[in-house]
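Here's the structure we're looking at; comments come further down.
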Amino acid sequence: MRSLRDSEDEAEEEEEEAGWLCRAESPSSGRPAVPCSKTLGRSGNSPSRVIVHIDMDCFYAQVEMIRNPELRNKPLGIQQKYIVVTCNYEARKFGVTKLMLIKDAREKCPQLVLVSGEDLTPYREMSYKATELLEEFSPKVERLGFDENYIDVTELVDKKLQEDRETPEVLVCGHVYNDQKLNVNDWAHTRIAAGSHIASDIRAALYNRLGLTGCAGIASNKLLAKLVSGTHKPNQQTALLHDSQSHLINSLDHVKRIPGIGCKTNKRLESLGLSRISDLQACPVTLLEKEFGSSAAHRLQMLSHGEDDSPVAPSGPPQSISDEDSFKKCSTVSEVKMKMEERLKNLLIRIAKDGRSPHTLRLTIRQFSPTNKWFNRESRQCPIPPHIIQNIGTDNPFLLPPPACDKINAFCPFVQQSVRPSLL
Ligand code: DCP
Ligand code: MG
Ligand code: MG
């Protein structure tokens, strides 16, 4: 089944995979390109870091419930094509799940209210509002898809512990993973406890100012924060004390559950016979190096132990703006061109709101493949001369200027070659 995830999310997913390839040097080359556990000491984790991961509850459904409060107490599904991409927790009580076929969801819950989620604009806008709010807490905020962010709160923790040194924190706000008891004499424990109070303040701000609820995970690195945030859902938070790190990572039933191990890396690991976390932990690093190169091999093994030294990399404004369409029911190049003009108009509206000038136009075509969504992607791109975007910022930014249509024409041979009857 084709994933219906937004193209920007997909780009991020792809980057996640591509990141492996960038970090990995060729197997025959010399030293790792990034610090590995050998150079960073036992874990590669800096025990002083405190990272919060936030994932919004049933994000698209929540946005729709904020737009229309009458939907709040009803089971609600967000429909894209034939699929419920997400549903609120009311619907989940009936057994409706994310990415369920509409037909199956209706069987589980005949009173399910369906709202179209084809237009991503409201979700995108809310997503950026949330990130902006988080940036008020710390400049180190990294977006991960539409509804997740990492926040490095290390400096806030330092400040809090400094301020509270007469009355140090003895309680964790929210859950503690594995119900572990806080040891107030353990410096790392008090830091996570302080982080849990900051996470609670962040969640309160998201709710009070944007009406959004979500889950938070508090841990010493991004990997663990993400893993622990989903352990109590919805609208709850969980802190991870370092003693329970291996328990958490070993609770994963497959290496593909490790954030950062995507589809391609998983396939390569499976080709080496590695599917369980313990397989990866026990695998001789030389074997991994042959497949992935030294740098990625070490990183993979660090991840399998719950160790992750990657910094929270501030995302800043998006570097590209994209839109996509499945081009269903299009059988001629002129129909495709008409659809492309619609998408371009939509992009122009967003560019006008953004205020920056675009300089490259890229068209990516993905042939439908039920088995492999990464297969058969092809792109063409060209620079955009400044006069093409002359209307942006004027009273009528939505009028597609004729030179933009010329650009579409320039892509025609590529489109022509891609519109094959078998795919329509
Ligand atoms: N999404 C999508 N296609 C997917 C997965 C997700 O369009 N294959 C969208 C719909 C979700 C949003 O991304 O609302 C966030 O994804 P999550 O996995 O975080 O799911 P939710 O936020 O909906 O639910 P949860 O409360 O489980 O986090
Ligand atoms: Mg979510
Ligand atoms: Mg999410």
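Scan (1) closer than 27 Å to residue 238 by Cα; (2) free of Cβ contacts under 8 Å to residues at least 40 places away in the same chain for the single condition residue 119 breaks and write down its number. Result: residue 119 passes all but (1).
For residue 66, are the conditions met, namely being surrounded by fewer than 21 Cβ atoms within 10 Å (Cβ to Cβ), touching a residue at least 12 places away in the same chain (Cβ under 8 Å) and either more than 24 Å from residue 194 (Cβ to Cβ) or over 17 Å from the mean Cα position of the chain (by Cα) (or both)? In short, yes.
Examine the stretch 73-94 for a residue that is of a type in the set (Ser, Thr, Tyr), touching a residue at least 40 places away in the same chain (Cβ under 8 Å), away from ligand 1 (no atom under 13 Å from the Cβ) and over 29 Å from residue 328 (Cα atoms), and state whether such a residue exists. No, every residue in the stretch 73-94 fails to be of a type in the set (Ser, Thr, Tyr), touching a residue at least 40 places away in the same chain (Cβ under 8 Å), away from ligand 1 (no atom under 13 Å from the Cβ) and over 29 Å from residue 328 (Cα atoms). Got a sec? Which of 97, 86 is under 20 Å from the mean Cα position of the chain (by Cα), surrounded by fewer than 17 Cβ atoms within 10 Å (Cβ to Cβ) and outside the structural domain of residue 146 (by TED's automatic domain parsing)? Just one listed residue meets the conditions, 97.
From 230, 217, 211, 174, which residue is within 16 Å of ligand 1 (Cβ to nearest atom) and at positive phi? Only one candidate passes the filter, namely 211.
Restricted to strands (runs of 3 or more DSSP E) entirely inside the stretch 97-175, no element has at least 1 residues that are more than 16 Å from ligand 3 (Cβ to nearest atom) and basic (Lys, Arg).
Remark: pairs (first residue in the stretch 194-208, under 13 Å from residue 172 (Cα atoms); second residue charged (D, E, K, R) and outside any helix (DSSP H, G or I); Cβ separation under 7 Å; 6+ apart in sequence or on different chains) = 194/169; 197/169.
The values are calculated or read from the model by the stated rules, or taken from the named source; none is laboratory data. Predicted model, so just to flag it, every value in this text is computed and none were measured. All Cβ positions, glycine included, derive from the backbone under ideal geometry; neighbour counts span all protein chains shown.
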